[in-house]
1. Given the -39500 (n - 2.57) contribution per DSSP H run of 4+ residues, what per-residue ellipticity at 222 nm results for the chain, rounded to the nearest 500 deg cm²/dmol?
2. If you wrap a convex hull around the alpha carbons of the stretch 87-141, what volume per residue comes out, as a whole number of Å³?
3. Hey, can you rank 90-102, 112-124 by average C-beta count inside 10 Å, highest first?
4. Tell me the Kirkwood radius of the stretch 55-109: reciprocal of the mean inverse pair distance over distinct alpha-carbon atoms, in Å.
5. On average, how much area does the Cα convex hull of the stretch 2-140 cover when viewed from any direction, in nm²?
6. What net charge is computed for the residues neighbouring S124, neighbours being all others with C-beta under 14 Å from the C-beta of S124, Lys and Arg scored +1, Asp and Glu -1?
7. Counting other beta carbons within 10 Å of each Cβ, put M76, M1 in order, fewest first.
Amino acid sequence: MYTAVQTAHSIFAYVVLALLFLASINAIAGLASKRLFKDKDLRLSLFALIVTHLQLVLGIVVYFISPLGLSAFGQMSNSALRLTSLEHPLINVIAIAFVTIGWSKHKREESNNGKFKKIALFYSIGFLLILSRIPWSNWLG
């Protein structure tokens, strides 16, 4: 079971990164061009939000069944185990919180420019935080 969930979590990460990147670039482009915030902008941002939350659920499952997750939490002197048992989950939860805050704040905005600005700022921060804590050696190896 662990291998299947871990593989799903790893493969789904590509989808999450792609959608967060596209939503961020779309918001930056909309902000720069001062265009209207249309349904396609809303849907792209919403879909990025949904897949990040689904990835969080997969990540929580992996964290509790993985030998590199909760069971390795006490081994902070090993940098690889510290990354998978503390840094990766913590920073990614914070990143997903930023994405969620961006979505919530954009809904309260009246102006198109304000909507794009909230999505661009918070989704980009979330995207960069996720990139910063990917266990690249495990993921690509």
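1. Helix-only estimate at 222 nm: -26500 deg cm²/dmol.
2. Convex hull of Cα atoms, per residue: 58 Å³.
3. 112-124, 90-102
4. Evaluated over the stretch 55-109, this radius sits at 12.2 Å.
5. Average of the hull's projected areas for the stretch 2-140 equals 8.2 nm².
6. Net charge in that neighbourhood comes out at +3.
7. With the fewest neighbours first, M76, M1 line up as M1, M76.
Values in this text are rule-based calculations from the coordinates and carry no lab data. Keep in mind that what you see is a predicted model, and the values were worked out from it rather than measured. Glycine also receives a Cβ, built like all others from the backbone with ideal geometry; neighbour counts cover every protein chain displayed.
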